[in-house]
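Beneath this line is the structure, given in structure tokens, with notes to follow.
The values are calculated or read from the model by the stated rules, or taken from the named source; none is laboratory data. What you see is a predicted model; the values in this text were computed from it and never measured. No Cβ is skipped: glycine too gets one built from the backbone with ideal geometry, and neighbour counts run over all protein chains shown.
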Amino acid sequence: MKDIISVLFLILMILLGDTNTASNMANKKENELDIPKEALLFVETYMDAMKNGVHESVKYIHFSDDITKMFYLESNDYLLDYRIESAELINSDLVALTILSRTMVTDETGQTQGEGTYLLGYNFVARIDGKWYYINGVRHIPETLKDNFDESKYKYNDPNIVDPDDVLLPEAPSTITTTFTSG
């Protein structure tokens, strides 16, 4: 009986146009996952910010390097929709997420490109120094949080996806020396 009432309420919310309540009811199964509630609420906060674009969501992300942060900001991506397929509590400070997300990209002229397709991604939520952060990729997880973590579970098998760990990023020089010659 409870299930019937929940379904009727969900239908009513959809018909009334209350998509936030409908979405939260449809994703209620996420709360049944064995992950901290504050981690799940943080994912929702990040995703809401991502709907406004990377310049809004960047403040919620932990990056292991500035170059990746720069590439993230230059992507001009924004979220259209997402679905958490699964979540795994790795340890008390790290949650692994398998997410299907659909994004749009805004080009240099301000035009949006495509409607976006759902793409599978492995992301993480981590508590670092008492604060939750969203992490896009294994290589950004601090070593101190990798207790009980099996990286091999979060590798992409699709040949069309370049694993970020396979990309060599240039390092910023620690000092720049310039020599001038007079002539």
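Checked against (1) modelled with pLDDT of 90 or more; (2) closer than 21 Å to Glu85 by Cβ; (3) out of contact with any Leu (no Cβ under 9 Å at 6 or more places or on another chain), Lys59 passes all but condition (2). The one condition from (1) crowded, with 17+ Cβ neighbours inside 10 Å; (2) modelled with pLDDT of 95 or more; (3) over 13 Å from the mean Cα position of the chain (by Cα) that Ile135 does not meet is (3). Scanning region 75-132 for residues that are modelled with pLDDT of 90 or more and either acidic (Asp, Glu) or not assigned by TED's automatic domain parsing to the domain that holds Val54 (or both) yields Asp81, Glu85, Glu88, Asp93, Asp129.
Scanning region 68-100 for residues that are in a helix (DSSP H, G or I) and among the aromatic types (Phe, Trp, Tyr) yields a total of 2.
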